[in-house]
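The values are calculated or read from the model by the stated rules, or taken from the named source; none is laboratory data. Small disclaimer: the values here were computed from a predicted structure and weren't measured. Cβ placement follows ideal geometry from the backbone for every residue including glycine, while neighbour counts extend to all protein chains displayed. For accessibility, only protein heavy atoms count, side chains too; no ligands or nucleic acids. Shrake-Rupley method; radii C 1.70, N 1.55, O 1.52, S 1.80 Å.
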Amino acid sequence: TRPLMATATSNSASVTIAPSDWFVLMNKLLANTLCLAFLLAAVTPASAQVKIATINLKRVFDSYWKTKQADVRLHDHAADLDKQKKQMVDSWKKARDEYKKLLDDANDQALSASEREKHKNDAEAKLRELQQMESNINQFDTRSSTTLAEEQRRWREKILKEITGVVRTEATHG
């Protein structure tokens, strides 16, 4: 074997290892590492075997009675919100019909100029009311969707946490 060659300079020292020595050194390191791994494996007690179980979480989640109960509650809440939105839309349609009538009256030449002007002002006020109603409906729709999504997320997390807890308990004791 070749000896290690060392060279020294004023600022640093460097060691140069011949390629054949490098190969021998790496083989020794690998052999020692493998021996250590086998030793650790032999020392590990046989009773510490790992047991693995799998579950179909989707099936467990979907068939869980609390999931079905939460689905019914969420569906009822969504139906209530839809009912409220329908009432708002019906009010908007009624206001739109009133606006159209006021606009027709504002353009009716059979009425006096002062009457037409009054209907025109009323139509403008009704138009602002319609625009506000549209804005309220859109905001309600956005809030409703957000509320339902958040409610669904919360109960899903709660149920998954409960299922996970049962699985962990069974894994440690069963």
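Please verify whether residue 95 is over 30 Å from residue 171 (Cα atoms), open to solvent by less than 60 Å² (accessible area, probe 1.4 Å) and without any contact (Cβ under 8 Å) to a residue 12 or more places away in the chain, treating the condition exactly as stated. Break it down stepwise before answering.
Values: over 30 Å from residue 171 (Cα atoms): yes; open to solvent by less than 60 Å² (accessible area, probe 1.4 Å): yes; without any contact (Cβ under 8 Å) to a residue 12 or more places away in the chain: no.
So residue 95 does not fit the description; no.
Does residue 1 satisfy being modelled with pLDDT under 65, touching a helix residue (DSSP H, G or I) at 6+ places or on another chain (Cβ under 8 Å), exposed (fewer than 12 other Cβ atoms within 10 Å of the Cβ) and over 30 Å from residue 154 (Cβ atoms)?
Values: modelled with pLDDT under 65: yes; touching a helix residue (DSSP H, G or I) at 6+ places or on another chain (Cβ under 8 Å): yes; exposed (fewer than 12 other Cβ atoms within 10 Å of the Cβ): yes; over 30 Å from residue 154 (Cβ atoms): yes.
Spelling it out, residue 1 is indeed modelled with pLDDT under 65, touching a helix residue (DSSP H, G or I) at 6+ places or on another chain (Cβ under 8 Å), exposed (fewer than 12 other Cβ atoms within 10 Å of the Cβ) and over 30 Å from residue 154 (Cβ atoms).
Give the residue, chosen from 144, 135, 114, that is of a type in the set (Ser, Thr, Tyr), assigned to a helix (DSSP H, G or I) and in contact (Cβ under 8 Å) with a residue 40 or more places away in the chain. Outline the logic, then answer.
Values: 135 fails: in contact (Cβ under 8 Å) with a residue 40 or more places away in the chain; 114 fails: in contact (Cβ under 8 Å) with a residue 40 or more places away in the chain.
Going through 144, 135, 114 in turn, just one is of a type in the set (Ser, Thr, Tyr), assigned to a helix (DSSP H, G or I) and in contact (Cβ under 8 Å) with a residue 40 or more places away in the chain: 144.
Go through (1) at pLDDT 95 or above; (2) surrounded by 11 or more Cβ atoms within 10 Å (Cβ to Cβ) one by one and return the number of the condition residue 108 breaks.
In the conditions (1) at pLDDT 95 or above; (2) surrounded by 11 or more Cβ atoms within 10 Å (Cβ to Cβ), residue 108 misses (1) alone.
Look at segment 134-174 and say how many of its residues are hydroxyl-bearing (Ser, Thr, Tyr) and either touching a Ser or Thr at 6+ places or on another chain (Cβ under 7 Å) or closer than 30 Å to residue 51 by Cα (or both). Give the derivation first.
Residues of segment 134-174 that are hydroxyl-bearing (Ser, Thr, Tyr), as a first pass: 135, 142, 144-147, 164, 169, 172.
Filter again for either touching a Ser or Thr at 6+ places or on another chain (Cβ under 7 Å) or closer than 30 Å to residue 51 by Cα (or both), leaving 164, 169, 172.
The qualifying residues number 3.
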